[in-house]
Amino acid sequence: MNSKTKARARLLLVDDEQDLLHVVSLRLNVAGFDVETAGSGAEALAKIPVFRPHVVISDLRMEGMDGLALFDAIAHTWPTLPVIILTAHGSIPDAVEATRRGVFGYLTKPFNHKEMQAQIEAALSLGGGVSSDADSEEAWREGIITRSPAMEAVLAEARLAARSDANVLIRGESGTGKELLAHAIHRASRRREQAFVAVNCSAIPDTLIESELFGHRKGAFTGATHDHQGLFQAADGGMLLLDEVGDMPLTTQAKLLRVLQEREVRPVGGVESVEVDVRIVSATHRDLDTAASEGRFREDLYYRLNVVTLTLPTLAERREDIPLLARHFLGLVERESMPEVKGFSPDAMARLIAYDWPGNVRQLYNVVERTVVLSTTPLISAGQVERALNEAPTELPSLVETREHAEREYISRILMLTEGNVTAAARLAKRNRTEFYKLLNRHHIDPALFKRRR
């Protein structure tokens, strides 16, 4: 057997016959596997989140939950975890039913141990094998702190998706860790040594997003004093994360679709296209299915981006991770500024676990940081957590606030491009000078600040 495939591979063996469990687990241990046993389907389901097996091997006939019922439960929560079924009552109907449901392998007792190891090796290969180095096995998911079955299921799918160059769409509420997951996919992919480039589509004004993505040539517009390489070219050979892709303007969506189809970009103001080899991972907190059906997002682009979909659970859906994350964030903050703060009181931790966290993991970090900075005792109390939760921002900014921020950023950007020339900036914004001066006054922006210092 391939040493890389079997090294440190974790197998969960499930059977209600203790003698069989003992004998088979001994043989598999001798073969180099890390084996955990369970005497029932319920016990197996309890051990999976903690042991995190690479393969489950289960008897078909067991008291209570049988092997197929266990498989159904595993497939619902951990859809990428392969299951091999064993039975002393092998029959064609059983095999057909097991295969129909998606069971990876099927062996009849008394089984040949070489055949079992062959099936295990095939199941491990399906998941990309197991590194002989435990650190390198976990390195791809660095920074993702979890023991949640829901999160582990997403990570298992992400690692499978990383093996190909298929486009991936990551869905999830703000603060759930979409960019962190995109980085993990990149580290697990064959492009890991190449560039990872991230762009927030909602943070770039509509008039500049094409230049940022595809580049521009000198003289393409007022202020374009030199050729500019776009982010697609910067990510050539690697991965480009289009964060908040649901906020991309329709005109840019059409040009993005052409880039994905033709694998080349044409800089703004250019006449020649440039070939690019880029894997696209997109992220959004918006419902793109609804946006596509309402015409706010191109349906053809949606299907191009949505080859593989990964949906991150909210923090409220993975409450078992809150103590882990809170202690991890506490360690980060206290190392930087408050080494005397050592932890949370039991009541404080209970309050953190009970909270709904509309801002998800990002909000949890904010609350931990706030309590640590304002703490005067080594142990953070429930009262301190309560005050931080009441004071911490829990709502997204309003649409008006978002528009005001984007408009202010846009005006500042074009004034930088035109070096404070209001006439040129107004022309670039397609507004007359009077309207543009009104915008400057509303946002309290002084164009003189953008003039080049002599």
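The values are calculated or read from the model by the stated rules, or taken from the named source; none is laboratory data. Fair warning: this is a prediction, and the values are worked out from it, not measured in the lab. Neighbour counts run over all protein chains shown; Cβ positions are idealised from the backbone, glycine included. Areas reflect the complete protein model, heavy atoms only, side chains present, ligands, DNA and RNA absent. Shrake-Rupley method; radii C 1.70, N 1.55, O 1.52, S 1.80 Å.
With r defined as the distance between the Cβ atoms of Asp347 and Ala46 and R0 fixed at 22 Å, what FRET efficiency is calculated, to the nearest 0.05? So, using R0 = 22 Å, E works out to roughly 0.20.
Normalising by the residue count of region 173-237, find the relative contact order in percent from Cα pairs under 8 Å and 6+ residues apart.
This gives 29 percent for region 173-237.
Our helix-only sum for the chain, with -39,500 (n - 2.57) per DSSP H run of n ≥ 4 divided by its residues, gives a mean residue ellipticity at 222 nm of -14000 deg cm²/dmol. Taking all protein chains as shown and a probe of 1.4 angstrom, His186 keeps an accessible surface of around 10 Å². So what does the Cα-only Debye profile of region 175-333 read at q = 0.19 Å⁻¹, as log10 I(q)/I(0), no solvent term? Rounded to two decimals, the profile gives -1.24.
Each Cα pair under 8 Å and six or more residues apart adds its separation to the average, and for the chain the resulting relative contact order is 12 percent. Highest-first packing order for the peptide set 287-295, 250-258, 207-215 is 207-215, 250-258, 287-295, based on the mean count of other beta carbon atoms within 10 Å. Pop the C-beta distance of Val271 and Ser164 into the FRET formula with R0 = 35 Å and round what comes out to the nearest 0.05. After rounding, the FRET efficiency stands at 0.55. Taking all protein chains as shown and a probe of 1.4 angstrom, Tyr365 keeps an accessible surface of around 70 Å². Solvent-accessible area per residue in the chain equals 50 Å², computed with a 1.4 angstrom probe and all protein chains kept. Shape verdict for region 291-423, please, from the Cα gyration tensor: rounded (a/c under 1.5), prolate (a/b greater than b/c) or oblate. Oblate, because a/c is 1.5 or more while a/b does not exceed b/c.
R0 = 35 Å: FRET efficiency of His444 with His226, Cβ-based, nearest 0.05?
0.70
Only alpha carbons enter this Debye calculation for region 190-242, each as an equal point scatterer, and the log10 of I(q)/I(0) it gives at q = 0.19 Å⁻¹ is -0.67.
The apolar share of the surface of region 295-454, taken as the fraction of accessible area on carbon and sulfur atoms (1.4 Å probe, ligands and nucleic acids excluded), comes to 53 percent. At the residue level, Val307 shows approximately 90 square angstrom of accessible surface with a 1.4 angstrom probe and all protein chains present.
Shape class of region 133-196 from the alpha-carbon gyration tensor: oblate, with a/c at 1.5 or above and b/c at least as large as a/b.
Rounded, prolate or oblate, given the Cα gyration tensor of region 147-262, with a/c below 1.5 counting as rounded?
On the way: a/c = 2.49, a/b = 1.85, b/c = 1.35.
Prolate, because a/c is 1.5 or more and a/b exceeds b/c.
Taking the Cβ of Ile353 as the centre, find all other residues whose Cβ is under 9 Å away and add up their charges (Lys, Arg: +1; Asp, Glu: -1). Combined, the nearby Lys, Arg, Asp and Glu give +1. Fully extending the segment from Thr207 to Ala69, taken as 0.36 nm per residue of separation minus the present Cα-Cα distance, adds 44.1 nm. The loop-placed trypsin sites (Lys or Arg not before Pro) in region 149-192, going by DSSP, that have at most 16 neighbouring Cβ atoms within 10 Å of their Cβ come out as Arg163, Arg190, Arg192. With all pairs of different C-alpha atoms in the average, the Kirkwood value for the hydrodynamic radius of the chain is 25.7 Å. Computed over protein heavy atoms with a 1.4 Å probe, the carbon and sulfur contribution to the accessible area of region 179-222 reaches 44%. Nearest-5 percent of antiparallel DSSP beta bridges in the chain? DSSP beta bridges in the chain are roughly 5 percent antiparallel. In a simple Cβ point-charge model (Lys, Arg +1; Asp, Glu -1; nothing else charged), region 261-390 has a dipole of about 400 debye relative to its Cα centre. Here the chain is treated with +1 on each Lys and Arg Cβ and -1 on each Asp and Glu Cβ, and its dipole about the Cα centre works out to around 1840 debye.
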